[in-house]
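I have a structure I would like to understand better, so I am pasting it below and will then ask my questions one at a time.
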Amino acid sequence: MESRKLRNRKKINKKKWISISLLILIILAGAGYLFRKELSIFAFNTLLKKDVQTALKESYKPLDNKKRNTKTVDNEPFSLLLLGIDQRDQEPSRSDTIIYSVIRPKDNKILLVSIPRDSYTDIIGRDVKSKINSAFAHGGAEMSIDTIENLLKNKVDYYGTVNFNAVIDTVDALGGVKLPITKLIENKNPIHEKLRIEPNKPLYYGKEALSYVRYREDSDFKRTERQRIFIKALMEKVLELKNITKIPELIEIAGANFATSMDPDYILDLAETIFLKDAAPVIESYMLHGSGKMRGNTWFYDIDPADLEYTQSLISNWLSSSITSAELIQPKDKDAE
């Protein structure tokens, strides 16, 4: 039989090891919290990266112009033209949403400049003036880029197109997004597609989110503002830690509905840079202003020349690598007109 002294020693040792084990667990839990992003990146690189790279390669659509497919310098500002494509049956696709964005990875800041789709401008490659969204229908991303570079007098480094069909599935896969809807949104014009969104919901899912960005019975200003709000809400949802494992599913959903000239490896490097920041990117936004005008039987959006000049300067400022974060122009606050 064991002596009482030996049994007491074993009890003490047992308690000691339990205490040490608990201490180790607390330390690991603390480390897991403090370094949760690094651990998540490690898990992503180990378990998911290869599959995501394969999926992204299917969406990689470089342009014929090789100068537009070169990787920008690490952490240097670059521009990305976002085009929301409205594909209906056999009709030519038009860019229903046009957002010129400037990403500043080092500063963790993004500028979104909305261009109303009915803006009347020179369509480069066709030698005509028409609605800016017609450029994509006639010449795809290449003609859209040429046209927008001519309008804004600033370069487009990359483009990304998303078919609206992907919005519903993407938002649903993320478990909904938060949208600041405080009043009923509803189409009342009988010739418009039926649309109704109830206010004050904690989360909005696919169909409602798509309706939110497409609703247009108030003004172009409000519509483009909703598009920018949705992009911000979607980005914040994706950056949530719990959604990392959903990345392959999201990429798969995008599939044929997503195309970009950004190299897959560059996308992953950029995503890791943003994810490892202490907070989500700060997003500033602006819309190119003007007023509606009829030409014949067609309604166009005439861009205000003074506002166009201001927008060109705003973009140039954000694209300059010599400009510090403190020197960035903050988009002026302009009420809906």
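With r as the distance between the Cβ atoms of Lys153 and Lys332 and R0 = 25 Å, compute the FRET efficiency 1/(1 + (r/R0)^6) and round to 0.05. The partial results should precede the final answer.
On the way: r = 19 Å, r/R0 = 0.75.
After rounding to 0.05, the efficiency reads 0.85.
Tell me the label-point distance for the pair Lys61, Asn200, using the 7 Å Cα-to-Cβ offset, in nm and rounded to one decimal.
Going by the 7 Å Cα→Cβ label model, 4.3 nm.
Label points 7 Å out from Cα along the Cβ direction at Glu240 and Glu309: separation in nm?
4.6
What list of ³J(HN,Hα) couplings, whole Hz, do you get for the range 153-168 from phi and the Karplus terms 6.51, -1.76, 1.60, once you set θ to phi - 60° and write x for glycine and proline?
Coupling constants for the range 153-168: 6, 9, 6, 10, 7, 9, 10, x, 10, 10, 6, 4, 4, 7, 4, 4 Hz.
Can you flag which of Lys178/Lys207; Lys61/Lys131; Lys131/Lys232; Lys50/Lys109; Lys178/Lys201; Lys183/Lys293 are past 19 Å Cα-Cα?
Those over the limit are Lys61/Lys131; Lys131/Lys232; Lys50/Lys109; Lys183/Lys293.
Now, a different point. Just the accessible area for Asp265, please: 1.4 Å probe, Å², rounded to the nearest 10?
We get 80 Å² for Asp265.
While we're here: Under a point spin-label approximation (7 Å from Cα along Cα-to-Cβ), what is the Asn108-Phe221 distance to one decimal in nm?
Computed distance between label sites Asn108 and Phe221 equals 3.2 nm.
Oh, and also: If each residue of separation counts as 0.36 nm, what is the full-extension length gain between Thr182 and Lys277 once their alpha-carbon separation is subtracted? Let's see the in-between values first.
Values: separation 95, 0.36 × 95 = 34.20 nm, distance 3.12 nm.
This chain segment gains 31.1 nm when fully extended.
When only the heavy atoms of the protein chains count and the probe is 1.4 Å, how do Thr311, Thr273 rank by accessible area, highest first?
On the way: Thr311 0, Thr273 50 Å².
Ranked from most to least accessible, the order is Thr273, Thr311.
Okay, next question. Could you pull out the pairs from Lys155/Lys222; Lys237/Lys277; Lys106/Lys222 whose alpha carbons sit more than 20 Å apart here?
Lys155/Lys222; Lys106/Lys222
Sorted by accessible area (1.4 Å probe), largest first, how do His192, His289, His138 line up?
Largest accessible area first, the list is His138, His192, His289.
When all protein chains stay in place, what accessible area (Å², nearest 10, 1.4 Å probe) is found for Lys106?
Here the accessible area works out near 150 Å².
The values are calculated or read from the model by the stated rules, or taken from the named source; none is laboratory data. A quick note: this is a predicted structure, and the numbers were derived from the prediction, not measured. Cβ coordinates were reconstructed from backbone atoms using ideal geometry, including for glycine residues, and neighbour counts include every protein chain displayed. When the accessible area is computed, the model is the full protein with side chains, heavy atoms only, and any ligands, DNA or RNA have been set aside. Shrake-Rupley method; radii C 1.70, N 1.55, O 1.52, S 1.80 Å.
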